[in-house]
Amino acid sequence: MGAPWFKIKHLAEEAGLVALSANFALYGDMSDRMMSLAAGLGPSQEIYSIDESFIDLTGVRGDLVERSHKIRARILQWVGIPCGVGIAQTKTLAKLANHIAKTAERKPGSYPRKLAQVCNLAALEPSERDAIFAATEVGEVWGVGRQISKQLQAGGIHTVLDLMKLDPATVRSKWSVVLERTVRELQGTPCIDLEHTPAAKKEIACTRSFGQPVTEQYHLAEAVTEFASRAAEKLRKQHSLAVQVLVFIRTSPFRKDPQYSRSMVIPLRRPTSDTAAMVKAALLGLQHIFQPGFLYAKAGVMLLDLQPDTQVQTELDLDDEDAGEDRTRLMHAMDTLNQRFGKGTVLTASAGLEGVRRPWSMKQLRRTPAYTTRWDDMPVARA
């Protein structure tokens, strides 16, 4: 996982390795389709990641396992994606049940066969549940990272059952309140609520590795402009303002060329979500950190110190040449056009021309067709 392509590309011929370039538009659309079908399990849903969600089953009657198998079969038939369903009293237990459901199917004999694909921990007898927990390593618990797992194992806590039997107060004093919450959830006490609205991000970043090494500053400026523009669009989508902009450039650590990595944080005059202001700040930072003579492989922009756009501390515009200018409607119009007609329809001029092959663009030579988001790539069936 995370291995550079040049280190494993020989496996394409030797072992039949299949390598594909990223296709974010396709992934996002397939995720939306899957989530819309999974939502049929219960009255409310929290989309946790691109391939995972929590469903509230409060008030749902009938056989939950049968219902889950039907929804899973529908997702597999309509979207073509296999999935696992975990049912339990808390989110931590539900995550664990999902792991058991997938493992029972992929590794027959690891868990009872009846738990494959759909695992309902709430329906098991305590003795059967404890046996399953005793057969599961503590590192499989949601919230138990690699370091904490090592600490727990050093203390003789090797399985989920061992962790579940700990006294929560002792866990809090010896480790943290976060691990205490995890133990309480394993014991069946809900401590993590379902989030119906995703929490606003505290930082927004847009970074990319280049398709080929970049040496010219104006090419880096194009990349930085596009990254800042995308980050600004995400910022407006969550109704936030940024106070600072970070820009960075670096060479590839996998090449034997001379190495260079530098970043700079540029404070903004006032909190804003204006694309032009963030692009201007990012380009100013790039101008200060750029050094000629290096083969740059990656660049990125991060928006820092985010705050809601409903609470803004302002100042008198005594020396601003654009005093009193409100570009909120302009930004909204730009976002609307790009959403309707595709990214890059309206962009900042310093990003270069959309559609022209730019050296910093990702190669994506192995990208699959956009089967569901582009008319030209849509499969056609003929009788």
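The values are calculated or read from the model by the stated rules, or taken from the named source; none is laboratory data. Quick caveat: nothing in here was measured; it's all calculated off a predicted structure. Neighbour counts are summed over all protein chains in view; Cβ atoms, including those assigned to glycine, are modelled from backbone coordinates with ideal geometry.
Here is how the numbers come out for the structure above:
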| item | result |
| --- | --- |
| Segments classed as helices (runs of 4 or more DSSP H), wholly inside region 1-107, with at least 1 members that are touching an Asp or Glu at 6+ places or on another chain (Cβ under 8 Å) and not acidic (D, E) | 24-38, 91-106 |
| Residues located in region 283-312, provided they are of a type in the set (A, V, I, L, M, F, W, C), surrounded by fewer than 13 Cβ atoms within 10 Å (Cβ to Cβ) and in a strand (DSSP E or B) | none |
| Residue match in region 171-180 (condition: closer than 30 Å to D309 by Cα and modelled with pLDDT of 90 or more) | no |
| Residue, modelled with the lowest pLDDT, within region 183-206, restricted to residues that are among the aliphatic types (A, V, I, L, M) and out of contact with any helix residue (DSSP H, G or I) (no Cβ under 6 Å at 6 or more places or on another chain) | A199 |
| Count - residues of region 31-80 that are under 14 Å from L194 (Cβ atoms), surrounded by fewer than 16 Cβ atoms within 10 Å (Cβ to Cβ) and among the polar types (S, T, N, Q) | 2 |
| Unique match (being under 30 Å from A88 (Cβ atoms) and not aromatic (F, W, Y)) among L241, L220, L179 | L179 |
| Residue match in region 234-253 (condition: in a helix (DSSP H, G or I) and closer than 14 Å to D305 by Cβ) | yes |
| Residue match in region 156-170 (condition: part of a helix (DSSP H, G or I), touching a residue at least 40 places away in the same chain (Cβ under 8 Å) and under 29 Å from the mean Cα position of the chain (by Cα)) | yes |
| Test set (1) part of a strand (DSSP E or B); (2) in contact with an Asp or Glu (Cβ under 9 Å, 6 or more places away or on another chain); (3) surrounded by 15 or more Cβ atoms within 10 Å (Cβ to Cβ) - F210 fails condition number | (2) |
| Filter result (in contact (Cβ under 8 Å) with a residue 40 or more places away in the chain, over 18 Å from Q339 (Cβ atoms) and hydroxyl-bearing (S, T, Y)) within region 201-239 | T207, S209, T215, T225 |
| Lone qualifier among A242, A223, A232 - being surrounded by 15 or more Cβ atoms within 10 Å (Cβ to Cβ), of a type in the set (G, A, S) and farther than 17 Å from P271 by Cα | A223 |
| Filtered residue count, region 1-51, keeping only those that are without any contact (Cβ under 8 Å) to a residue 12 or more places away in the chain and under 15 Å from the mean Cα position of the chain (by Cα) | 4 |
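Listed here are the residues, each with its yes/no results for (1) among the aliphatic types (A, V, I, L, M); (2) closer than 20 Å to E105 by Cα; (3) at pLDDT below 95.
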{"residue": "V118", "(1), (2), (3)": "yes, yes, no"}
{"residue": "A123", "(1), (2), (3)": "yes, yes, yes"}
{"residue": "S127", "(1), (2), (3)": "no, no, yes"}
{"residue": "G145", "(1), (2), (3)": "no, no, yes"}
{"residue": "S149", "(1), (2), (3)": "no, no, yes"}
{"residue": "Q153", "(1), (2), (3)": "no, no, yes"}
{"residue": "I157", "(1), (2), (3)": "yes, no, yes"}
{"residue": "L166", "(1), (2), (3)": "yes, no, yes"}
{"residue": "A169", "(1), (2), (3)": "yes, no, yes"}
